[in-house]
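Following: one structure in structure tokens, then a few remarks.
Nothing in this text is a laboratory measurement; each read-out follows from the coordinates by a stated rule. Computed from a predicted model, the values in this text were never measured in an experiment. A quick note on method: Cβ atoms are made from the backbone with ideal geometry, for glycine too, and the neighbour counts reach across all protein chains shown.
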Amino acid sequence: MSGDRRLQVQRRIPASPEQIFSLLSDPARHTELDGAGMLRGLESGAIVTGTGQAFVMNMNQDGLGDYQMRSEVVVFERNRHIAWAPAIHPPGALEHVIGPLDPSGHRFEWRLEPTPDGHTLVTHIYDWSGVTDADALPLYPRVSEEQLADTLDNLETATRSAT
């Protein structure tokens, strides 16, 4: 399901919300979940325990090359809801490629709803409605609905190997 400046995918995964949240709250595990193939590894950060925490990921994308993103946790409800807002790290580091644009204002969000059978309905959202630089908007979306769905595939696989 897509919105104007938001993509959303949903799937029932045969794992508990606790198992899934454990993977999502550990930035070191994000490379194995990444359906877009951009993440190269955790540069700094630790298991997320609340809002305001941040982690830095090493990244690579066609047209951008190697770079880093610092993600600040903006929603944290243990075993139910987590979201982070990435920003180029350090600020301005990609100016030589994208110019003086401010591409901040997007976020990745995960909502977890337990199902009666002990599984979890997972909603994965990519939202760039907070991007305020009109010149940066043509850069979005940076991931596709298919890549979000691939991330759910990877998440399901990771939950099987974690049990």
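Going by how many other beta carbons lie within 10 Å of each one, how would you line up LEU64, LEU148, fewest first? It would help to have the intermediate numbers written out before the result.
Details: LEU64 15, LEU148 20.
Fewest-to-most ranking of LEU64, LEU148: LEU64, LEU148.
Shape call for the chain from the C-alpha gyration tensor, a ≥ b ≥ c root eigenvalues: rounded (a/c under 1.5), prolate (a/b greater than b/c) or oblate? Present the calculation step by step, with values, prior to reporting the outcome.
Working: a/c = 1.88, a/b = 1.60, b/c = 1.17.
Prolate shape, in that a/c is at least 1.5 and a/b is the bigger ratio.
Compute the acute angle (0 to 90°) between the alpha-carbon long axis of helix 145-162 and the principal axis of greatest extent of the alpha-carbon atoms of the chain; round to the nearest 10°.
50 degrees
With an 8 Å cut-off on Cα pairs and a minimum separation of 6 or more residues, tell me the relative contact order of the chain in percent.
Rounded, it is 29 percent for the chain.
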